[in-house]
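Every number here is computed from the coordinates shown, using simple stated rules; none is lab data. Quick caveat, the model's predicted, so the values are computed rather than measured. Cβ placement follows ideal geometry from the backbone for every residue including glycine, while neighbour counts extend to all protein chains displayed.
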Amino acid sequence: MNGVSPFPRQARWDLPADPSITAKCRALVRDTLDAWGLSDLADDVVLVVGELLANAVLYGAAPIEVALSAYPGMLVGTVADHGTELPYMREVEPGDEHGRGLAIVDGLVHKWGVRLLPDGRGKCVWFVCLIPSEWRDLAVKG
């Protein structure tokens, strides 16, 4: 696993396609955001990354990469894997146990989407969270 580098604030982790890694990745994301002075975003971002990582583990293929980048005014996150199935928002019934992950993501982030990896062997789900102005200096200088 890789660590945190200087401005723009960036962190990246190469992860196995193993469901047990989700909890560890959530902790890495929280610790990273805390170190960047973005603790107030942590709950939402941890949930978003957890949902996207769970999808990558269940429906994608190794290798899996999770990355965060903080820029003035925004945090960009990505979860990439080498699976061919593209994620989509599902219509769910009240009793359904699965299928709400992307709806959760959609409700917590400013913008999200999916792009194919340049080599054509996988996809990357990306998201953007806006950083409130009172935190921008922390994210940039922190």
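The packing ranking, built from the mean of other Cβ atoms within 10 Å per residue, places the peptides 27-40, 8-21 in the order 27-40, 8-21, highest first. Note on Val114 and Asp40: the extension gain reaches 24.1 nm, defined as 0.36 nm multiplied by sequence separation minus the Cα-Cα distance.
Converting phi to 3J(HN,Hα) with the Karplus coefficients 6.51, -1.76 and 1.60 and the offset θ = phi - 60°, the range 62-67 yields 5, x, 10, 10, 10, 9 Hz in sequence order, with x at every glycine or proline. Less than 5 angstrom separates the built amide H of Arg9 from those of Ala70, all sequence-distant by 5 or more or on a different chain. Remark on Gly122: its backbone amide H falls under 5 Å from those of Leu117, a criterion applied only to residues 5 or more positions apart or on other chains, H modelled at 1.01 Å from N. On the beta carbon distance between Arg100 and Arg121, with R0 = 35 Å, the FRET formula returns roughly 0.80.
The HN-Hα couplings worked out from phi for the range 104-110 by the Karplus form 6.51 cos²θ - 1.76 cosθ + 1.60 (θ = phi - 60°) are 5, 4, 4, x, 9, 10, 6 Hz, whole numbers, x standing for Gly and Pro. Whole-Hz Karplus values for the range 118-124 come out as x, 7, x, 10, x, 9, 10 Hz, taken residue by residue from phi with 6.51 cos²θ - 1.76 cosθ + 1.60 and θ = phi - 60°; glycine and proline positions read x.
Proximity of backbone amide H atoms, modeled 1.01 Å from N, is registered between Ala61 and His82, Gly83 at under 5 Å, excluding neighbours fewer than 5 places apart on the same chain.
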